[in-house]
Amino acid sequence: MMTMDTKPAPHQHLFVVRLWSETAENPQIPLRGSVEHVPSGQKFYFTSLNDLSDFIALKAMVLSQSISKEKETKP
């Protein structure tokens, strides 16, 4: 089990997701959020769950490519 002060393993990602509603201020954008990729510190703001999903999928793809390259270089 991983604790909050433990860094994720090299082949894992850790994300912090925040969601909030701004319906009163802008009814056309009922959802806002941010996601932070903890290992890199990269933060992304979004207004749809599809954007959140795309960001996480991109990070997963980068991780998958990194793992594949490591396997190719190992004897």
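The values are calculated or read from the model by the stated rules, or taken from the named source; none is laboratory data. Please read these numbers as outputs of a predicted model, since none were measured by experiment. As a convention, Cβ positions derive from the backbone with ideal geometry for all residues, glycine included, and neighbour counts pool all protein chains shown.
Cβ-Cβ distance below 6 Å, separation of 6 or more or different chains: which pairs start in the stretch 59-73 with a residue that is at pLDDT below 75 and end on one that is of a type outside the set (K, R) and surrounded by 10 or more Cβ atoms within 10 Å (Cβ to Cβ)? The qualifying pairs are I67/H11.
For the stretch 7-50, residues that are at pLDDT 90 or above, among the charged types (D, E, K, R) and either surrounded by 14 or more Cβ atoms within 10 Å (Cβ to Cβ) or in contact with a Gly (Cβ under 7 Å, 6 or more places away or on another chain) (or both) total 2.
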